[in-house]
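The values are calculated or read from the model by the stated rules, or taken from the named source; none is laboratory data. Not measured: the values here are computed from a predicted model. Using ideal geometry, Cβ is built from the backbone for each residue, glycine included, and neighbour counts are taken over all protein chains shown.
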């Protein structure tokens, strides 16, 4: 029945309007975004985030399987906004107070992760599937903060020492990989020296913006105006956040860095310059979650599934071997370094932290997309990388909760 319904909707997608553009494809994606959390909620014991089903259904309706829809201009724009908003929301999760304890071990663990993943990256180079093992190493060294946060929250351990350690580890991995990707593999990169200079300029501009925001934010008149207009039709807090997101993404793009870095920095900056939560409070976060997880972010994930070239894997069956290879790389590269956490939280929770750190999909989807754009690897390798990320989301969080001995209910909100 679902396939028939999507087929009928897809017929609308193929009928352009008078302007030559159709929102039919966007409608298909919106329907998938509604179906995915409903279906996953019917099997709560599996604890599978709806983002997995969003990507899978995108693959099914896309050119790889049924060929009902393709990524057109409206969906492409919304997908780009969804990617930016996803990184913005990840930046908002950054809590400086959580980064104080155990930062030495967290940093050391991330360095070890890079070293282990570099070994796997060279393995991919040896079989002739990439000429940039460093890119593969960076892609495998990330953790999906947006997936880890809901798991910890619904397990009720976010504010514990273990929860804060797991969050900090995910934050460092996500920010570190985004930073390295922008520094070493920007679309407009020239030399590492010039990229470092551009990154330094970006850092100075971010600091200037932070100073302005701090100065303005401490003025009573500004605070009262914000409070007065935040819950009116003006929605001033949301508008300010959107302006900051676009500003940071634009600055990063103009300096030759990846816009994803600017989007992440925008969220982190907003959290840092608002320690008293005049803006970044519970109600504001609910609005951001509604815009992001309710609309824009699913556009990115479903569109990623539509774009995923599964057919290339079928045309080159030997690439299927890369799926378990990348999955083992994630587990080894992000799981083994968690041994360094044993003295802080004990062996059992260190193992759980390692499994959560090995959960990676968001950045992998981003890296796979950029990797094909930069000709780092082919479509089949990119598809294998994303499928490995999907497998990590399906397998590792439930295993982590099992290790912790928690029979937590499935998340009511779809993690992304």
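For the reader, a short list of remarks on this structure follows.
- Any hit, the stretch 347-360, residues being crowded, with 20+ Cβ neighbours inside 10 Å and at pLDDT below 85: no
- Complete set of residues in the stretch 241-277 that are modelled with pLDDT under 85, part of a helix (DSSP H, G or I) and out of contact with any helix residue (DSSP H, G or I) (no Cβ under 7 Å at 6 or more places or on another chain): 254
- The single condition among (1) over 19 Å from residue 314 (Cα atoms); (2) more than 16 Å from the chain's Cα centre (by Cα); (3) not in a helix (DSSP H, G or I) that residue 360 does not satisfy is (2).
- Residue count for the stretch 93-106 satisfying the condition of being on the phi < 0 side of the Ramachandran plot, in contact with a helix residue (DSSP H, G or I) (Cβ under 8 Å, 6 or more places away or on another chain) and modelled with pLDDT under 80: 8.
- Considering the stretch 152-164, the residues that are at pLDDT below 75 and within 25 Å of residue 327 (Cβ to Cβ) include one that is surrounded by the fewest Cβ atoms within 10 Å (Cβ to Cβ), namely 154.
- Residue within the stretch 309-326 that is crowded, with 22+ Cβ neighbours inside 10 Å and either at pLDDT 90 or above or farther than 27 Å from residue 50 by Cα (or both) present: yes
- Residue 343, sole failed condition from (1) crowded, with 17+ Cβ neighbours inside 10 Å; (2) assigned to a helix (DSSP H, G or I); (3) modelled with pLDDT under 90: (1)
- Beta carbons closer than 7 Å, at least 6 apart along the sequence or on distinct chains, pair a first residue in the stretch 393-416 that is over 22 Å from residue 328 (Cα atoms) with a second that is part of a loop (DSSP other than H, G, I, E, B) and at pLDDT below 75 for 410/47; 414/49; 415/49.
- When the stretch 124-147 is limited to residues that are surrounded by fewer than 24 Cβ atoms within 10 Å (Cβ to Cβ) and either touching a strand residue (DSSP E or B) at 6+ places or on another chain (Cβ under 9 Å) or part of a loop (DSSP other than H, G, I, E, B) (or both), the one that is modelled with the highest pLDDT turns out to be 132.
- The residues of the stretch 52-77 that are at pLDDT 85 or above, touching a helix residue (DSSP H, G or I) at 6+ places or on another chain (Cβ under 8 Å) and assigned to a loop (DSSP other than H, G, I, E, B), listed by number, are 62, 63, 66, 68, 69, 70, 71, 72.
- Matching option when the condition is surrounded by 12 or more Cβ atoms within 10 Å (Cβ to Cβ) and modelled with pLDDT of 85 or more, among 204, 209, 222, 238: 209
- Filtering 109, 90 for residues that are in contact with a helix residue (DSSP H, G or I) (Cβ under 6 Å, 6 or more places away or on another chain), at pLDDT 85 or above and part of a helix (DSSP H, G or I) leaves a single hit, 109.
- Test: residue in the stretch 27-44 that is at pLDDT below 65, out of contact with any strand residue (DSSP E or B) (no Cβ under 8 Å at 6 or more places or on another chain) and surrounded by fewer than 22 Cβ atoms within 10 Å (Cβ to Cβ): no
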